[in-house]
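What follows is a set of notes on a single structure, which appears directly below.
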Amino acid sequence: MSLPTPTAPEDRRRPNEDPLEVLADAQARAGETLELAARYLDPSLVEVLRIIGFDGDYRTAVGSHLYDDAGRAYLDLHTGEGFASLGHAHPDVKATLAAVLHADLQDGVQIHYSVLAGMLAEALCARLPAALDATFFSSGGAEAVDTAIKFARAATGRPRLVSCDSSYHGVSLGPLSLVGDDFFKEGFGPLLPGCARVPYGDIDRLEAELRSRDVAAFFVEPIQGRLVTLPPPGYLEAAQALCRRYGTLLVIDEIQTGLGRTGRWFAFEQFGSDRLEPDIVTVGKALSGGYMPVAATVTRREIFQRAVGTLERSYVHQSTYGRNRLSMAAGLASIRVIERDGLVERSARMGERLMDGLRELQRRHELIKEVRGAGMMIGIELQAPRSRTGQLGVRLMRLASEGLFPQLIVIPLLRDHGIITMAAGKNDVIKLLPPLTLSESEAERFLTALDLVLTDCESGAGKNWSVVRDIAVSTLRRRG
């Protein structure tokens, strides 16, 4: 006698019903956002946002824009360091998530699999070199890099790791050991032993590290995210050849550059796509669709099997929510939107439009030293003006903070023109990571606004200079 199949209770709620009033409470308390963050989260970051004027009361985000409590629209060329690459609240990704959630699918975390995980892994592998046919999902980019570290060490039996100066791979302990800026590491040591750095683009220094044949993996960004630094011609191919010669795995970190950001599915395709075959590729940010935390480490099956592929080791490396159904659905929806809407090609086309406009501004404005990038990943490097007053002003800013000078442009772009950009870090670079859906009119709006801000800063009127000088003086006084 067979037992009856249990049935789940029918859910009669409407899709937008809020039975626990979480959304209602959040909307009612939206004005407390920064107060709550300062009290229970990170007061120092809240202070930074207030100092540079980024403390707006943003209520919603749709497409290329954020909207504040007064309904003012802000063009977002930051997109959360590129995670909202399809723009905010993409309707098709949103609809996919709602459908999957409403279907009550088995989730596939820990001891189960969801078909969505296999489908997403299949979609990623189909867009990478054929040898990359094994995928491990995690919740964020740093976790994907951690996975690559563990897989490389386990597969090779070697202890050492090599990365590049000025690189960025995440701030959990393993990836932080690879980061090429000591500022991020202060106070967090000791980090992983056996980690070395070489200058980005220096093949001779790389070979000097690999020659000992004890390096498990060389971690490299195809385009360095911190300064938007492109590799010298032939560098990645030469690095791959050295890795093959000395038995080191080549790990390409595509967490920021992948999935159309640079005008190709993956940035390394621009630098010898028919010859580059990395051993491991890490993916994140854009895979989220702007909604769900998800990242992936894609490698060769042989490496995966050596690391965790035996029956006895099948549980030694796990990610609690790495394969959850909503993240997998978001990743699949993102890839399908990029494919359907031609966003890789659009990224290349719109990136060229932005680069052409920025080069024209560079010819007319002495504050722009260099413009570089690929697709919708662009760095604008600034330089001090020739005037003595300007030179002294920039010197004061740099004395207060190495990343303050770009705020001379970033602050008025937001304050006066409603355009969100970002200083790239402790340097003189403004980094643009627009949504891949950016329109021609939105690109023109940014270029026009930037022209006006640069003109004002170079006119000697002093409005923007005085704002940033005041920040510098206040910073130095607090430090003193």
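The values are calculated or read from the model by the stated rules, or taken from the named source; none is laboratory data. Model, not experiment: these values are computed from the prediction. Cβ placement follows ideal geometry from the backbone for every residue including glycine, while neighbour counts extend to all protein chains displayed.
Below are the figures for this structure:
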read-out	value
Residue in segment 47-83 that is surrounded by the fewest Cβ atoms within 10 Å (Cβ to Cβ), counting only those that are of a type in the set (A, V, I, L, M, F, W, C) and part of a loop (DSSP other than H, G, I, E, B)	A70
Scan of segment 84-96 for residues that are surrounded by fewer than 20 Cβ atoms within 10 Å (Cβ to Cβ) and assigned to a loop (DSSP other than H, G, I, E, B), ordered by number	A89
Cβ-Cβ under 9 Å pairs, at least 6 apart or on other chains, segment 449-473 side outside any helix (DSSP H, G or I), far side surrounded by fewer than 18 Cβ atoms within 10 Å (Cβ to Cβ)	G460/S387; G460/T389; G462/T389
Lone unmet requirement of (1) at pLDDT 95 or above; (2) under 30 Å from I335 (Cα atoms); (3) surrounded by fewer than 21 Cβ atoms within 10 Å (Cβ to Cβ) for G425	(1)
Single residue of segment 133-151 satisfying the filter (in a strand (DSSP E or B) and within 22 Å of the chain's Cα centre (by Cα)) that is farthest from S172 (Cα to Cα)	T135
Residue tally, condition surrounded by 15 or more Cβ atoms within 10 Å (Cβ to Cβ) and not in a helix (DSSP H, G or I), over segment 112-130	4
Some residue of segment 97-111 being within 24 Å of the chain's Cα centre (by Cα) and either surrounded by 17 or more Cβ atoms within 10 Å (Cβ to Cβ) or not in a strand (DSSP E or B) (or both)	yes
Residue, surrounded by the fewest Cβ atoms within 10 Å (Cβ to Cβ), within segment 326-358, restricted to residues that are over 27 Å from R372 (Cβ atoms) and among the hydrophobic types (A, V, I, L, M, F, W, C)	L326
Output for segment 224-269, where each listed residue is assigned to a helix (DSSP H, G or I), among the aromatic types (F, W, Y) and closer than 26 Å to S288 by Cβ	F268
Looking only at segment 394-409, and only at residues there that are out of contact with any Asp or Glu (no Cβ under 9 Å at 6 or more places or on another chain) and farther than 12 Å from I52 by Cβ, the one that is surrounded by the most Cβ atoms within 10 Å (Cβ to Cβ)	M397
Positions within segment 105-137 being more than 15 Å from M328 (Cβ to Cβ) and not β-branched (V, I, T), in sequence order	A126, R127, L128, P129, A130, A131, L132, D133, A134
Positions within segment 267-287 being out of contact with any helix residue (DSSP H, G or I) (no Cβ under 6 Å at 6 or more places or on another chain), surrounded by fewer than 24 Cβ atoms within 10 Å (Cβ to Cβ) and under 23 Å from K431 (Cα atoms), in sequence order	E269, Q270
Residue pairs meeting the criteria (Cβ under 6 Å; at least 6 apart or on separate chains; first in contact (Cβ under 8 Å) with a residue 60 or more places away in the chain and within 16 Å of H90 (Cα to Cα), in segment 53-70; second buried (at least 18 other Cβ atoms within 10 Å of the Cβ) and among the small types (G, A, S))	G63/G87; S64/G87
